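Chemist: Can you keep this structure in mind? I'll have questions shortly.
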Amino acid sequence: MSAVLHGLPSHAPRAAEGVLAQVNALVGALRARAPETERLRRMHPDNLRELTEAGVFRLAMPTDVGGYQADEDIVAEVLAQISRGCPSTGWMCTIMVATNVIPALLADTAADEIYATPDLRMTAAIAPTGRAVPVEGGYRVTGQWTWNTAGVHSNWFAPACVVPAEEELGLRLMLLRTGEVEHQDNWRAAGMAGTATNIATVDGVFVPAARTVLVNDLAEGRYPKRRYSHVPYFNRPWVMYIHAQSAPALLGMARGAMDCFMQTLPTRGAITYTGWPKAAEAPLLHHQLARAQYDLEAAEMFTSRLSALYRGVLGRPPTIMERAQARAHIGHVASLSRACVNQLFEASSASHTLLAADIQRYFRDINVLHQHAAIQPNSGDEVYGRVLAGLDPNSEIV
């Protein structure tokens, strides 16, 4: 039992299903606040408050520190529904829910220290743009990471570093307090504009060895002997978890775009320069809508498959094929979700390009997130194809 046991706040749901119920009730409000979230270039304060109170950031944390250890399907549905309302908010929640797992993978002293943080919200950056020099008791960290999504809303940051004399071990993740990190307010992007994905800079910060973990160990599920060693939930590869829980944000954007399209379709009049008096009567639109729905349904299937893949490695190490599938499937969900949104946007009228129209936000956001280095399908397809061909995956992020 943890020495830092925290009970849930009195108003918080008592089970993960209650978190999902509260989030389902917030989808409309999240969508209404999405334009302001974009203008703020960070999470709307009401979103942050309501999602914290709903218990979203505790979903995958251990029960003995007030978490839910929620089933993968529930976590996926929560994140998808948040993104259905506001893609930027959904992506920030995805990062923080997944990263809040990491303390349970560390030595007990580190887990106790980090999980003692009220309303814990962690972010991570796996790009190898930092340097950690070994010193007595730990490491001295210096670096700059592009980009640290939701960093301004976090209280801990986990960046990856190259460690001199440890290069053969690969990158090492360092867990720092956000107060030790400088965030540049410079995220101005065509899509995912509200994600506060700013550059993070660290200069000479000491990190105890217990608050570090090798990225290769996160990929392979090798963790120190600790309080959670006997809990299968916290002995699976964290990199696989990132893949499994990133897919729902993409799926949620496709759901949101479909919501917007179907809400406006009954009120749309004639298709200009055609003989169709109502858009809903045009055969071309019927074909476009059917193709978009097929892509949405396929994205649902692959997201569910990803959750099942991760659940399937409870109590045993994953095969390299399973790890490669997780990396590849997230890219496939991205492609399917983007195809759905793009088809719906193409089937919309020119007036839906105006910033006052919600569907244009899903169009911009899905196309930007599709470019994320850990999501875009070309790299994932290469990894999967290499493993199918009997070769090594040629990537640490598997």
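Chemist: Assess whether LEU306 counts as being touching a helix residue (DSSP H, G or I) at 6+ places or on another chain (Cβ under 6 Å), modelled with pLDDT of 95 or more, of a type outside the set (Lys, Arg) and assigned to a helix (DSSP H, G or I).
Modeler: Numbers: touching a helix residue (DSSP H, G or I) at 6+ places or on another chain (Cβ under 6 Å): yes; modelled with pLDDT of 95 or more: yes; of a type outside the set (Lys, Arg): yes; assigned to a helix (DSSP H, G or I): yes.
Yes: the conditions hold for LEU306.
Chemist: All but one of (1) more than 20 Å from HIS287 (Cβ to Cβ); (2) in a helix (DSSP H, G or I); (3) free of Cβ contacts under 8 Å to residues at least 60 places away in the same chain hold for ALA339; which doesn't?
Modeler: (1)
The rows are residues; the columns are (1) hydrophobic (A, V, I, L, M, F, W, C); (2) modelled with pLDDT under 95; (3) buried (at least 19 other Cβ atoms within 10 Å of the Cβ).
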| residue | (1), (2), (3) |
| --- | --- |
| PRO317 | no, yes, no |
| ALA350 | yes, yes, no |
| PHE363 | yes, no, yes |
| VAL387 | yes, no, yes |
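Chemist: Exactly one condition in (1) over 17 Å from the mean Cα position of the chain (by Cα); (2) charged (D, E, K, R); (3) crowded, with 22+ Cβ neighbours inside 10 Å is not met by ARG121; state its number.
Modeler: Checking ARG121 against (1) over 17 Å from the mean Cα position of the chain (by Cα); (2) charged (D, E, K, R); (3) crowded, with 22+ Cβ neighbours inside 10 Å, the one that fails is (1).
Condition check ((1) under 21 Å from VAL383 (Cβ atoms); (2) exposed (fewer than 14 other Cβ atoms within 10 Å of the Cβ)) across all residues:
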| residue | (1), (2) |
| --- | --- |
| GLN263 | no, yes |
| PRO266 | no, yes |
| HIS286 | no, yes |
| TYR294 | no, no |
| GLU322 | yes, no |
| SER335 | yes, no |
| CYS340 | no, no |
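Chemist: A further question follows. Would you mind stating whether ALA357 is at pLDDT 95 or above and either touching a Leu at 6+ places or on another chain (Cβ under 9 Å) or under 17 Å from VAL398 (Cβ atoms) (or both)? First the steps, then the outcome.
Modeler: Working: at pLDDT 95 or above: yes; either touching a Leu at 6+ places or on another chain (Cβ under 9 Å) or under 17 Å from VAL398 (Cβ atoms) (or both): no.
Criteria not met by ALA357.
Chemist: Do any helices (runs of 4 or more DSSP H) entirely within the range 9-108 hold 3 or more residues that are free of Cβ contacts under 8 Å to residues at least 24 places away in the same chain and over 30 Å from PRO224 (Cβ atoms), and if so, which? Working first, answer last.
Modeler: Working: elements: 16-40, 45-54, 72-85, 87-99.
Filter on the range 9-108 gives 16-40, 45-54.
Chemist: How many residues are closer than 15 Å to MET43 by Cα and open to solvent by 10 Å² or more (accessible area, probe 1.4 Å) if we restrict to the range 134-154? Show your work before the answer.
Modeler: Pass one, the range 134-154, residues closer than 15 Å to MET43 by Cα: 148-154.
From the residues that got through so far, the ones that are open to solvent by 10 Å² or more (accessible area, probe 1.4 Å) too are 149, 152-154.
Adding up the residues that qualify gives 4.
Chemist: Which members of the range 86-106 meet the condition of being within 12 Å of PHE57 (Cα to Cα), in contact with a Phe, Trp or Tyr (Cβ under 9 Å, 6 or more places away or on another chain) and hydrophobic (A, V, I, L, M, F, W, C)? Write out each step before concluding.
Modeler: Here is the first cut: in the range 86-106, the residues within 12 Å of PHE57 (Cα to Cα) are 90, 92-101.
Restricting the remaining residues to those that are in contact with a Phe, Trp or Tyr (Cβ under 9 Å, 6 or more places away or on another chain) gives 93, 96-101.
Of everything in the range 86-106, those that are within 12 Å of PHE57 (Cα to Cα), in contact with a Phe, Trp or Tyr (Cβ under 9 Å, 6 or more places away or on another chain) and hydrophobic (A, V, I, L, M, F, W, C) turn out to be CYS93, MET96, VAL97, ALA98, VAL101.
Chemist: Let me ask something else about it. Would you confirm whether or not the range 32-39 contains a residue that is open to solvent by 10 Å² or more (accessible area, probe 1.4 Å) and under 23 Å from MET240 (Cβ atoms)? If you could, list the steps in order and put the result at the bottom.
Modeler: So in the range 32-39, the residues open to solvent by 10 Å² or more (accessible area, probe 1.4 Å) come out as 32-33, 35-36, 38-39.
Checking which are under 23 Å from MET240 (Cβ atoms) leaves us with none.
No, the range 32-39 contains no residue that is open to solvent by 10 Å² or more (accessible area, probe 1.4 Å) and under 23 Å from MET240 (Cβ atoms).
The values are calculated or read from the model by the stated rules, or taken from the named source; none is laboratory data. None of the values given here were measured: they were computed from a predicted structure. Positions of Cβ are generated from backbone atoms using ideal geometry, with glycine treated the same way; all protein chains shown enter the neighbour counts. Side chains included, ligands, DNA and RNA excluded: accessible areas come from the protein's heavy atoms. Shrake-Rupley method; radii C 1.70, N 1.55, O 1.52, S 1.80 Å.
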